[in-house]
Amino acid sequence: MDESGTHEAFMRRALELARCGAGWTRPNPLVGAVVVKDGIVVAEGYHAVCGGPHAEAVALLEAGERARGADLYLTLEPCVDFPDKRTPPCTDAILQAGIRRVIAATADPNPCVNGRGLARLREAGVEVVEGILVDEARRLNEVFFHWIVHRTPFVVLKLALTLDGKIATRTGKSRWITGPESRRIVHALRARYGAILVGVGTVLADDPSLTVREAEGPQPIRIVLDSGGRIPLGAKVLSPEAKTIIATTDRMPMEVEAELRRKGAEVWRPPGEGDRVDLGALLRRLGEETDSLLVEGGAEVAWAFLSQGLVHKVAFFYAPLILGGRAAVPAVGGEGVDEPTQGIRVRDLAFERVGEDLLITGYPAPQSSRRSSGAATQ
């Protein structure tokens, strides 16, 4: 195996390690580290939890004296200052350990780092190799890369739908369209992303808990779009298992807000005109709380986010099922477009069999010209 192949093999292991921190490190990135000496892995590490030691520190501590003269594979550029005031800069630890070469997948877009970490290593005489599996590394940290630059959540639209594009029957029934394997993956997604959002229509129809139950991981913030205060006080989403935010407008009576607050929910009234929740304002405020948002429905909410160019990634679970019916609920509602050429093109598609279902993920092409007032439809 040539050197480039060797680099890729060790970097794939670092990426595998980095994924172990998914859901726990936010808003920090996912980072894996592998220490290699004479072609043999002598230590490994990953960033396990926000506030805990960084991947480099974990691996170097395990390596001890074996780190001197070794190579260090990193999925992300090491930090150079005290980014969160809780952990020392990893460049110092690397230099003190006597690492001879650092192989980094990608630079860190964090303004506190952004090339300075690798530059410091070079200035100190450490050989630096960049760009090994860079696309995989950037995809791994797509949430962090977006949030650290824009300070708004990375938004994923998740839908469970039939082959004919329905998310519920003509009577509004939707349980269960997809199989148990897909539902387990959805719970893993809930643990991976910092918040989950539905419209009040979904709460009224399905009374979901919106919690992580079939996977390990932290509970997301639960957000319900409810412009007029229609949410029942006995709704499962108001349980104390996780934080709940009701995003509303001036249409919600103050006495309803008071009742919701007594139930433990937060009530947000994002600034904006009209009688719908301003999604842009909501995302700006939510960016102060978390780095990512999983939008779970329903059809009108899906179109509101898509039509305004607010979705960064889609995850559609297709079940081998046909419901039919003119009155059945389509996966995406709203007004739609007049011409096929005006549709939202999804790129970089990936396909995965999940039990009997098919998961398709992709990234909507930028649609800045589509953005309207930013209002939701709840």
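The values are calculated or read from the model by the stated rules, or taken from the named source; none is laboratory data. All figures in this text were calculated on a predicted structure; none of them were measured in a lab. We place every Cβ from the backbone using ideal geometry, glycine too, and count neighbours over all the protein chains shown. For the accessible areas, the whole protein counts, side chains as well, though only heavy atoms, and no ligand, DNA or RNA atoms are used. Shrake-Rupley method; radii C 1.70, N 1.55, O 1.52, S 1.80 Å.
Laid out as a table, the results:
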item: Entirely in the range 71-168, the helices (runs of 4 or more DSSP H) that have 2 or more residues that are free of Cβ contacts under 8 Å to residues at least 12 places away in the same chain and within 29 Å of H187 (Cα to Cα); result: 134-140
item: Subset of the range 327-347 that is assigned to a loop (DSSP other than H, G, I, E, B) and free of Cβ contacts under 8 Å to residues at least 12 places away in the same chain - its residue that is least open to solvent (accessible area, probe 1.4 Å); result: G343
item: Residue within the range 213-227 that is touching an Asp or Glu at 6+ places or on another chain (Cβ under 9 Å), in a loop (DSSP other than H, G, I, E, B) and more than 12 Å from L294 (Cβ to Cβ) present; result: yes
item: Only one of L163, L233 that is over 23 Å from W268 (Cβ atoms) and either hydrophobic (A, V, I, L, M, F, W, C) or out of contact with any Ser or Thr (no Cβ under 7 Å at 6 or more places or on another chain) (or both); result: L163
item: Options A215, A191, A235: the member that is open to solvent by less than 40 Å² (accessible area, probe 1.4 Å) and modelled with pLDDT of 95 or more; result: A235
item: Leading residue by the ranking (modelled with the lowest pLDDT) among those in the range 194-212 that are assigned to a helix (DSSP H, G or I) and among the hydrophobic types (A, V, I, L, M, F, W, C); result: A205
item: Filter result (under 27 Å from the mean Cα position of the chain (by Cα) and among the charged types (D, E, K, R)) within the range 105-146; result: D108, R116, E130, D135, E136, R138, R139, E142
item: Every residue from the range 15-29 that is open to solvent by less than 10 Å² (accessible area, probe 1.4 Å) and either on the phi > 0 side of the Ramachandran plot or not hydroxyl-bearing (S, T, Y) (or both); result: L15, A18, G21, G23
item: Pair list, Cβ under 6 Å, 6 or more apart: the range 5-33 residue within 13 Å of D291 (Cβ to Cβ) and in contact (Cβ under 8 Å) with a residue 24 or more places away in the chain, other residue among the small types (G, A, S) and part of a loop (DSSP other than H, G, I, E, B); result: G23/G217; R26/G194
item: Breaking point among (1) open to solvent by 50 Å² or more (accessible area, probe 1.4 Å); (2) over 30 Å from G21 (Cβ atoms); (3) in contact with a helix residue (DSSP H, G or I) (Cβ under 7 Å, 6 or more places away or on another chain), for D164; result: (3)
item: Qualifying residue in the range 211-221 (condition: in contact (Cβ under 8 Å) with a residue 60 or more places away in the chain and within 21 Å of R284 (Cα to Cα)); result: yes
item: Selection from the range 52-69 of residues that are under 18 Å from I40 (Cα atoms) and surrounded by fewer than 21 Cβ atoms within 10 Å (Cβ to Cβ); result: L61, E62, G64, E65, R66, R68, G69
item: E266, sole failed condition from (1) among the acidic types (D, E); (2) under 21 Å from A365 (Cα atoms); (3) in contact with a strand residue (DSSP E or B) (Cβ under 6 Å, 6 or more places away or on another chain); result: (2)
item: Residue match in the range 106-122 (condition: closer than 30 Å to V198 by Cβ and open to solvent by 10 Å² or more (accessible area, probe 1.4 Å)); result: no
item: Residue match in the range 81-92 (condition: open to solvent by less than 10 Å² (accessible area, probe 1.4 Å), hydrophobic (A, V, I, L, M, F, W, C) and modelled with pLDDT of 95 or more); result: no
